[in-house]
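First comes the structure, then the notes that go with it.
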Amino acid sequence: MPRGSSTSPPTKSILFYQQLIKGLIFRPIFSIIYIDMNIRTYNLSMLAATIIAWLGFFVVIASFDPKTGNSLIFIMFYALLFLSVLGTLSLLGFLIRLFWNRKRGTPRVMALESFRQAIIFAAVLAIALCLQAARVLTWWNMLLLVILATAVEFVTLLFHQNNSDKSNI
């Protein structure tokens with residue numbers, strides 16, 4: 001703890017739950033970036049996967065009629081939309097961070113942040129479209145989705161801050 005800090009250290013149960021959530025949710029999702037690959041390989045593989053996802057998405061749109069399609073068609077539609085938006089936003093977020101924050105962060109951290117935020121935004125978009133298809137999307141549902149997305153981002157940043165505090169000790 002730094003001097004002058006008025007916050008008390010977290011209890012053992014809070015640390016246990018933080019480690020549990022981190023181990024079950026955040027590490028498996030975000031560990032893809034920590035594989036031993038350089039940033040160019042990551043961006044090229046993300047670009048290839050995004051192009052394939054967009055092609056698959058447009059094939060589903062062109063090939064199937066939503067009025068006669070079964071649930072598998074809708075699952076493919078929303079999954080491919082999610083993956084397409086995820087890849088597109090991840091690449092765009094990385095490029096924006098690369099040009100905007102050139103001196104403030106490493107490319108690996110920028111890729112991790114853009115991937116994390118792309119997952120959150122793509123999930124909100126896919127859930128909102130699913131709710132709209134079921135005709136149950138209202139303004140307060142959307143507000144709850146935005147609050148949930150904000151909470152997920154806040155918890156992720158909190159875990160990241162706790163880990164950096166531990167490494168500085």
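The values are calculated or read from the model by the stated rules, or taken from the named source; none is laboratory data. Keep in mind that this is a model prediction, so the values were computed, not measured. Methodologically, a virtual Cβ is constructed for each residue, glycine included, from the backbone with ideal geometry; neighbour enumeration extends over all protein chains shown.
Looking only at region 85-127, which residues are among the hydroxyl-bearing types (S, T, Y) and modelled with pLDDT of 90 or more? Can you show your working first?
Initially, region 85-127 is screened for residues among the hydroxyl-bearing types (S, T, Y), giving 88, 90, 106, 114.
Residues satisfying the conditions are T88, S90, S114.
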Open item on the list: Pairs needed: first member in region 48-65, crowded, with 16+ Cβ neighbours inside 10 Å; second member anywhere, among the aliphatic types (A, V, I, L, M) and at pLDDT below 95; C-beta distance under 6 Å; at least 6 residues apart or different chains.
Closed with: V60/M76; F64/I73
- [ ] Search region 100-118 for residues that are crowded, with 16+ Cβ neighbours inside 10 Å and pair each with any residue that is of a type in the set (D, E) when their beta-carbon atoms are under 8 Å apart and the residues are at least 6 apart or on different chains.
- [x] R116/E153; Q117/E153
Task: Residues located in region 130-153, provided they are polar (S, T, N, Q) and more than 26 Å from G69 (Cβ to Cβ) - done: T150
Task: The listed residue being of a type outside the set (F, W, Y) and farther than 17 Å from I39 by Cβ, out of L157, L91, L95, L112 - done: L157
Open item on the list: For the condition in a helix (DSSP H, G or I), in contact with a Leu (Cβ under 8 Å, 6 or more places away or on another chain) and either of a type outside the set (A, V, I, L, M, F, W, C) or farther than 19 Å from N43 by Cα (or both), what is the one hit in A149, A128?
Closed with: A128
Open item on the list: Pairs please, first residue from region 142-153 and surrounded by 14 or more Cβ atoms within 10 Å (Cβ to Cβ), second anywhere and of a type in the set (G, A, S), Cβ atoms under 7 Å, 6+ apart in sequence or on different chains.
Closed with: M142/A128; L145/A128
TODO: Filter region 16-67 down to the residues that are part of a helix (DSSP H, G or I) and of a type in the set (D, E, K, R), then identify the one that is modelled with the lowest pLDDT.
DONE: R27
